[in-house]
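Have a look at the structure below, then the notes.
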Amino acid sequence: MRSVLRRRTMLRGGAVSMALPMLQSMSGGAAAAAPGGSGKGDVRRMLAICAPLGIHTPYLFPSQSGTDYEVTPYLEPLQPLRDKFTVISGLHHPDVDGGHSAEKSFLTGAAHPGQPSFQNTISVDQFAAEQIGHQTRFASLALSAGRSSLSYTRSGVQIPAQSRPSQLFAKLFLAGTPAEQADQIRRIEDGQSIMDLVRDQTRGVARRVGRQDNQTLDQYLTSVRELEQRLVSAAQWATQPKPVVDRKPPTDITDRADFTGSMGLMFEMIFLAIQTDSTRLITLIGAGGNEVVSLKGVDDGWHNLSHHGRNPEKIEMLAIIEREEMRLFGELLSKLEAVREGEHSLLDQTAILMGSNLGNASSHNNTNLPIIAAGGHFRQGQHLRFEAEKSPPLGNLMVSYLQHLGLAVDQFSSGVGTLTGLQPS
């Protein structure tokens, strides 16, 4: 059999090749895991934002639970929309540890991300994109304010993030030259022809392998068929004009110290993407590095301030930055609330997760995560507090969001139901 099937058989056509999954026939042992237009009705969306250096929870979490919670310093900028968000304390991803490494698992819940053998799983946005991504020009958008990405494929491969607003704007709204458009359509057509070749060649392989390998090939062909469907959708969108927006192409802000400008610009691009229904699934990993942010009263690096060790002066400077984060987030919520889409606002149609993989950045702790659930078709306006020993997993909130999107699911990652207390409206 090895003389017929090499260890990593390639299906080829022209300049394109696709690798078959690993089969028992190739290795002689157990098979290894393969690496990996806007209507005005009820249009559901999801946006997930991660603050990679954490959020100082004593300034975020109220001491009271329920709807009559007292306003904390970080919630003050959000009070004009108090009934549109819920602050949630006590949540975490079970078995997700490793300090900053947990950033990789923020939207996946995959265990022990700091271990050398770690293999990530699919992120909640890509799980949804597999089912509803074809409804918009872009199945999803993975964005970054200068770091990596929160989005991962089903095989755990990180999806590169777009970090330049100018390129994102061009992708969303600029048509490109006729030659560029023709080249895009040609690439799509090439991909469709490769799908035909893959099916034919895989059937030939299937006649020469065992029953278990044929099951693996069936799964592989299912993935091929799903890719074909996405290519058909892409071909249809390629011939449709892009939305026109009343906004000039932005100029990227290259000064990392200008946190307010860069994050504000990225939030504006997110707002435009949602307003034009260019996509319904967006992830953003926010700013946060060693830079000294250009805000009055801040004269130390952001990362150093996040490791404050309870130093009052460092916490005071950190609070200036994080309050600005919340102010910018509040501006985005207000913009979404101000635009109507049928009987609802864009904010009502968009379930938003704002939080961090770090519960205590100073000690690299990954429990009691700072979480704000905003928008969506939920009864908001409260502080949901969970005790550590009785805390549901953060995955339960993701199940709630997937159901908000209209998906018939009752589990995701460690989540085995919706989040108690966050009721649909």
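Observations on the model:
- Förster radius 30 Å - calculated FRET efficiency between V339 and R82, Cβ distance, rounded to 0.05: 0.95
- The magnitude of the dipole of the stretch 249-314, with charges of +1 and -1 set on the Cβ of Lys/Arg and Asp/Glu and taken from the Cα centre, is near 260 debye.
- Cross-link partners of K242 among lysines, defined as those whose alpha carbon lies under 23 angstrom from its own and excluding same-chain residues fewer than eight positions apart: K40, K171, K335.
- Database remark: amide H of Y152 closer than 5 angstrom to the amide H of S123, Q126, I159 (H placed geometrically; neighbours at sequence offset of 5 or more, or on other chains; Pro and chain starts carry no H).
- Its Cα centre serving as origin, the stretch 275-425 has a Cβ charge dipole (Lys and Arg +1, Asp and Glu -1) of approximately 220 debye.
Any read-out appearing in this document is the output of simple, stated calculations on the displayed coordinates, not a laboratory observation. Nothing here was measured: the structure is a model prediction, and the numbers come from that model. With ideal geometry, Cβ positions are generated from the backbone for all residues, glycine too; neighbour counts draw on all protein chains shown.
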